[in-house]
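The values are calculated or read from the model by the stated rules, or taken from the named source; none is laboratory data. Quick caveat, the model's predicted, so the values are computed rather than measured. Note that we place each Cβ from the backbone using ideal geometry, even for glycine, and neighbour counts take in every protein chain shown.
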Amino acid sequence: MRVRNKPWADKYIKDHEAYIVVDPQKWLGKWQSRFEKQQPLNVEVGTGKGRFIIEMAKAHPDVNYIGVELQKSVIATALRTFMDEPVPNLQFVLTDGANLDEIFLENEIKKIFLNFSDPWPKKRHAKRRLTSPGFLKTYQHVLDADGDIEFKTDNRGLFEYTLITMNNFPLKFDYVSLDLHHSPEAVDNIETEYEQKFSPKGPIYKLVAHFMA
């Protein structure tokens, strides 16, 4: 998806360097120093405009969060929203989610969130899907032994693909829902901007899974 350039983004990011990283390789092994406290670290890959990760950080002050986003204009928008009411347990990182194993140590992350990722529906683009085997291998490296992946989507094709790739890797499923918003878990569900907009049009699929030892 093409993202409209925001002329103000570069300066805004530079003016708020305490909350956003544009050179993540330099912080390998030092992420906890960017937070007020050393706490379990959760990462959202593809944080978009930031609603989910911001609300998660507010709801769980005993966890440190990092929102990873590739698009500069998009992460700048998330950062601007965050700065309306900043909290000390959230950082943003401008980078490609495929590079997680280059910026995080082995076993460093407790949980990875994948929310409404690009489905890349064409078969020749399958390797770009955030739940393809290549990405799963990267997540396995950076997640700790008890860590897990939480995945939400409105795209049934991507959800079915994800069930297959995770099962074959293999991962063990801790939770699977074919209609999250009409399940008991809906009470505590924090929605993304995309989810708020599109959930009335059809079901939201969710799973939680962890790598098998």
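Descriptive notes on the structure:
- Checking the stated criteria, SER132 turns out to be modelled with pLDDT of 95 or more and of a type in the set (Gly, Ala, Ser).
- One residue stands out in region 135-166 among those that are part of a helix (DSSP H, G or I) and within 14 Å of the chain's Cα centre (by Cα): the one that is nearest to GLN39 (Cα to Cα), namely VAL142.
- Residues in region 13-33 that are buried (at least 16 other Cβ atoms within 10 Å of the Cβ) and either of a type in the set (D, E, K, R) or not in a loop (DSSP other than H, G, I, E, B) (or both): ILE13, ILE20, VAL21, PRO24, TRP27, TRP31.
- Residue match in region 33-44 (condition: out of contact with any helix residue (DSSP H, G or I) (no Cβ under 8 Å at 6 or more places or on another chain) and closer than 26 Å to ARG129 by Cβ): no
- Evaluation of PHE82 against (1) within 20 Å of PHE104 (Cβ to Cβ); (2) surrounded by 21 or more Cβ atoms within 10 Å (Cβ to Cβ) (one fails), failing number: (1)
- For ALA126, the test of being surrounded by 13 or more Cβ atoms within 10 Å (Cβ to Cβ), within 24 Å of GLY67 (Cβ to Cβ) and aliphatic (A, V, I, L, M) is failed.
- Taking region 168-213 as the range and being farther than 21 Å from GLU55 by Cβ and assigned to a strand (DSSP E or B) as the test, the residues that pass are LEU171, LYS172, PHE173, ASP174, VAL176, ALA209, HIS210, PHE211.
- The listed residue being closer than 18 Å to ILE112 by Cα and among the aliphatic types (A, V, I, L, M), out of LEU178, LEU136: LEU136
- Region 196-213 - residue that is in contact with a helix residue (DSSP H, G or I) (Cβ under 8 Å, 6 or more places away or on another chain) and not polar (S, T, N, Q) and, of those, surrounded by the fewest Cβ atoms within 10 Å (Cβ to Cβ): PRO203
- Restricting attention to region 110-148, the residues being among the β-branched types (Val, Ile, Thr) and in contact with a Phe, Trp or Tyr (Cβ under 6 Å, 6 or more places away or on another chain) number 2.
- For ASP62, the conditions (1) of a type outside the set (Val, Ile, Thr); (2) surrounded by fewer than 16 Cβ atoms within 10 Å (Cβ to Cβ); (3) touching a Leu at 6+ places or on another chain (Cβ under 7 Å) all hold with the exception of (3).
- Among the residues of region 115-147, just one is under 13 Å from LYS206 (Cα atoms) and not polar (S, T, N, Q), namely PHE116.
- Checking PRO119, PRO170 one by one, the residue that is of a type outside the set (Lys, Arg) and in contact with a Ser or Thr (Cβ under 9 Å, 6 or more places away or on another chain) is PRO119 and no other.
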